[in-house]
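Read-outs: derived from the displayed coordinates by stated rules, not from any lab. The structure displayed is predicted, hence computed values, not measured ones. With ideal geometry, Cβ positions are generated from the backbone for all residues, glycine too; neighbour counts draw on all protein chains shown.
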Amino acid sequence: MYEREKVLMVKSSASHLPGNMCRLRYDEKVYVGIIHGSELNICCTSHPEVEPRQIVAKQGFSSTSQPLILQAAWVEINGRVLLVLATTAGVLIYEWDGSILLYAHILPSPAPDSPASFCRGIAALLDTKICIGIHTGEVLLFPVDEDGNINSPEKIRWHARPITALATLCGTLVTADDAGDIVIGQTKQGQLAKANTIDSYGCPVTCMRAWQGRLLVGYQSGHLRLFILHNAKILAEVCGHARSVMGLDIAEESGLALSASEDTFVRVWQLGAGIGKAPIEHKYSHGEENVLVCGAVFTDLRGSAYVTTGYDIKEIICYAM
């Protein structure tokens, strides 16, 4: 179904983090970002001749030590693309290419008997708010006005455990924590309110994606579960991988879903889009020999190509139909 097309080299190897690959389609080019410690390496996979960039998470923080980046994502707010870094010290928001730091939010120092502070989970809600999960179980909602000004965050708290993943679809915000509990919130009359919950299956949620009224969730156990967003009912459960799911993506135009895991495999699934069709169907598997895969994304809206990487390698491996 897919064949290896090329391998691109990056300056630093990938850290062992769930979802350690973000993607941006911008100006007819495809960019991917890979985290290494306190650095984000950005590479243009569609035009390898474009000079790679390296963003270091230090601006905005007074500490002399550099915070670790735990997640990176590009989000579109009011027609403007922003680069968001979730770190162990707080949130950094840049212009899309990382050239200008626009906003920094520093987390309070944790109490001596408390676990370390961190941010994880990045999503855009209704093109007006940037959502970031934090270690307290809260989600920070940063409003962005029409002039592009990023304002102080609102807070919601639906969890008692640290947030591990966020997903959004229109006015719906989905939050998950390291106990495996999931909360679905709906926006009504401009207010975000808790609407449904999905109980834990006994292990942490690592990744989530929402598409056409459905929620695809990856777990540390290797399971994939597909839920209906409006009522939180389960549609399907798949023992997709032998180890933790480390990446999820959905091609919006085709309904192809991609999962990547520590077990070295990248798998592609077809999500059913109509009555009488299976909710999820396996289409493709490929193992990267001796590679602890930690991220993978489609490069286009139809899922005709994907890129992946793994822990401690300086490669972006590109596949295409």
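The table that follows gives values for the structure above.
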| read-out | value |
| --- | --- |
| Size of electric dipole in the chain: Cβ of Lys, Arg +1 and of Asp, Glu -1, about Cα centre, debye, nearest 20 | 540 debye |
| For region 12-243, the spread of Cα positions along each principal axis, largest first, Å | 45, 41, 38 |
| Percentage relative contact order, the chain, counting C-alpha pairs under 8 Å, at least six apart | 15 percent |
| Length added when fully stretched, Asn78-Glu5, from 0.36 nm per residue minus Cα-Cα | 22.8 nm |
| For region 177-321, alpha-carbon Rg and Dmax in angstrom | 15.5, 51 |
| Alpha-carbon gyration tensor eigenvalues x 5, square-rooted, for region 122-213, Å | 22, 14, 11 |
| Convex hull of region 5-73 built on C-alpha atoms - directionally averaged projected area, nm² | 5.5 nm² |
| Computed label-point distance, nm, for sites Asp127 and Asp27 using a 7 Å Cα→Cβ extension | 2.2 nm |
| Fluctuation leader among Asp300, Asp249, Asp145 - the chain, Gaussian network, Cα springs under 10 angstrom | Asp145 |
| Inter-probe distance in nm under a simple model that places probes 7 Å from Cα toward Cβ, at Arg157 and Lys314 | 4.5 nm |
| Leading residue at positive end of dipole, region 23-171 (Cβ point charges), from Val91, Ala116, Ser46 | Ala116 |
| Mean projection area, nm², convex hull over Cα of region 1-123 | 9.4 nm² |
| At 0.890 mPa s and 25 °C, Stokes D of region 246-296 from Kirkwood alpha-carbon radius, µm² per second | 214 µm²/s |
